[in-house]
Amino acid sequence: MVRQKIDKIDITIIRNLQLDARTNYTDIARQCDVSVDTIIKRYHKLQEKGIITDTTLLLDPRKLDKKIIAHFNIDTEPHAIPEILTYLEKQPGIIFTTHAMGEYDIFTIAQAQTMNEMNKLKEKIQSHTMIRETKTSIWVDQFLLCPQNFELENLLETEQ
């Protein structure tokens, strides 16, 4: 994969949108001391390069009566990973799932209204014949996304 080159203006655009995807282009342009049109063009270029793929909103499941949030580390046969991922994404309560490398093959995040509901989901996951083992952790406090920790500065174009 070719390493994408970005500059300080691109980083400012990305950082602002990571914190709030609704940030006004005018505010970003003011920070960068460039025109709004420049920011819009830069934003579209970041999309074309695939650096920015989507804008989305983040829900707090606990505010929507989903009090229990857990993640599952799942061990399975390597050839079964695509099948298991498809199975998991169809399960109500699963909000994120991905192929992982390391001790476990799949990492999944789930939400439920009660512990009983989460246990039923866990049992359903474990009942799949291709799943060898699951490890579950219940999240006990608020969860924080830390977009400011996503490394961007190492992608800066070097001046020649």
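Read the figures in this text as sums done on the coordinates, not as results from a lab. Everything numeric here is computed off the predicted structure, so don't read it as measured data. Here the Cβ positions follow ideal geometry from the backbone for every residue, glycine too, while neighbour counts run over all protein chains shown.
The table for this structure:
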item: For the chain, with +1 on Lys and Arg beta carbons and -1 on Asp and Glu, the positive-most of M118, P82, L19 along the dipole; result: M118
item: Length-normalised contact order of region 61-138 in % [C-alpha pairs under 8 Å, at least 6 apart]; result: 44
item: On Cα atoms only, tilt of 8-19 relative to the major axis of the chain in degrees; result: 40
item: Cβ-placed point charges (K, R +1; D, E -1), dipole of region 61-138 about Cα centre in debye, nearest 20; result: 480
item: Cut-off 13 Å between beta-carbons: net charge of the residues surrounding G93, Lys and Arg +1, Asp and Glu -1; result: +2
item: Candidates T76, T97, T129, ranked by Gaussian network fluctuation over the chain, Cα under 10 Å, top entry; result: T129
item: Relative contact order of region 8-56, pairs being alpha-carbon contacts under 8 Å that are 6 or more residues apart, as %; result: 34
item: Given [x] 126; [y] 155; [z] 112, the label whose value is volume of the Cα convex hull per residue in Å³ derived from this model; result: [y]
item: Förster radius 25 Å - calculated FRET efficiency between K49 and E151 (Cβ-Cβ, nearest 0.05); result: 0.90
